[in-house]
Each structure stands twice: as C-alpha cells, then as structure tokens.
Amino acid sequence: MTRYHDRGNLKWLPFLMPEHIQLLKAYYLEIHQIDLPIIDEQLQYPWQFLLEQALIEGTELEITYHSKRGYVTTSGFIEQVHRERAYLVLRGLSRIEIPLGRIIRIENG
C-alpha cells in the first residue's frame, strides 16, 4: 500500500507564467484584506487622555492601527499630535506617522 500525499496547487506552480503569479498574489491580498473596524466614540476620550498624558510625561504607549497589510502593533513614545492633519508621530525603533482615524487600540506600554 502506497501513501499518496497530494501537494495541492504546489504541483502546478512550474507551469504558471510570471504574470499569472502576480495576478494570483494580488487576488490573494484582495481576498484576505482586513476591513477597518468601527470604533466607538466612547473609546476616543480615554485614548485622547492617554495620548495627552504620554505626550506630557513621556511614557511609552503600545498602539495598534490598521494599515494596508492588516493590523500593526507598535510601541514607542509620542513626539507630536497633529489634530489639524489628523495624525500622530510615534518614535520607537523608527519614526512612524499614524493617522488618527486608523487607530484601533491604545494602551500603556
């Protein structure tokens, strides 16, 4: 008795043209795209307090935000909050500009 192990679509990869591979990758990203959740307004007031406190005291925050690839969690120190342009600048391992409308979670880091 032989043990047959089906490799699925892996066995067809050598027959695909590079254009087809690019289209399949784009299709995969489109299908598995995560939508931005609706944030309750009651969460925005504690977040605003945490942002102001971290800006004044220099405490570290852990922020989760929505990007094109999905959810990204990063930690760092708040450098600036631009309310007119609706983004904040977070300094951690690198300097990141995060749009305020894409923030999902803010916690003390």
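Okay, helix-only estimate at 222 nm for the chain: each DSSP H run of n ≥ 4 adds -39500 (n - 2.57), divide by all residues, round to 500 deg cm²/dmol; what do you get? Using -39500 (n - 2.57) per qualifying helix, the result is -9500 deg cm²/dmol.
Remark: the L43-Q22 segment gains 3.6 nm on full extension, using 0.36 nm per residue and subtracting the alpha carbon distance. Rounded to the nearest 10 degrees, the inclination of helix 18-31 to the longest alpha-carbon principal axis of the chain is 50 degrees. Ranked from largest to smallest solvent-accessible area, with a 1.4 Å probe on the protein heavy atoms, Y65, Y45 come out as Y45, Y65.
Using all pairs of distinct alpha-carbon atoms, the Kirkwood hydrodynamic radius of the chain works out to 17.0 angstrom.
Computed from the Cβ-Cβ distance with R0 of 25 Å, the FRET efficiency linking T2 to L29 stands at 0.10.
Just the number, please: Stokes-Einstein D of the stretch 1-61 in µm²/s, Kirkwood Rh from C-alpha pairs, 10 °C, 1.306 mPa s. The estimated diffusion coefficient comes to 93 µm²/s. Taking a point 7 Å from the Cα of N9 along the Cα-to-Cβ direction, the residues of the stretch 20-35 with backbone N closer than 14 Å to it are 20-33.
The three principal axes of the C-alpha atoms in the stretch 35-97 carry coordinate ranges of 33, 28, 21 Å, sorted with the longest axis first. Compared with the dominant Cα axis of the chain, that is its longest principal axis, helix 41-57 is turned about 70°.
The values are calculated or read from the model by the stated rules, or taken from the named source; none is laboratory data. Note that the structure is predicted; figures quoted are calculated from it, not measured. In this analysis, Cβ positions are derived from the backbone assuming ideal geometry, glycine residues included, and neighbour counts consider all displayed protein chains. The accessibility values were calculated without ligands, DNA or RNA, using every heavy atom of the protein model including side chains. Shrake-Rupley method; radii C 1.70, N 1.55, O 1.52, S 1.80 Å.
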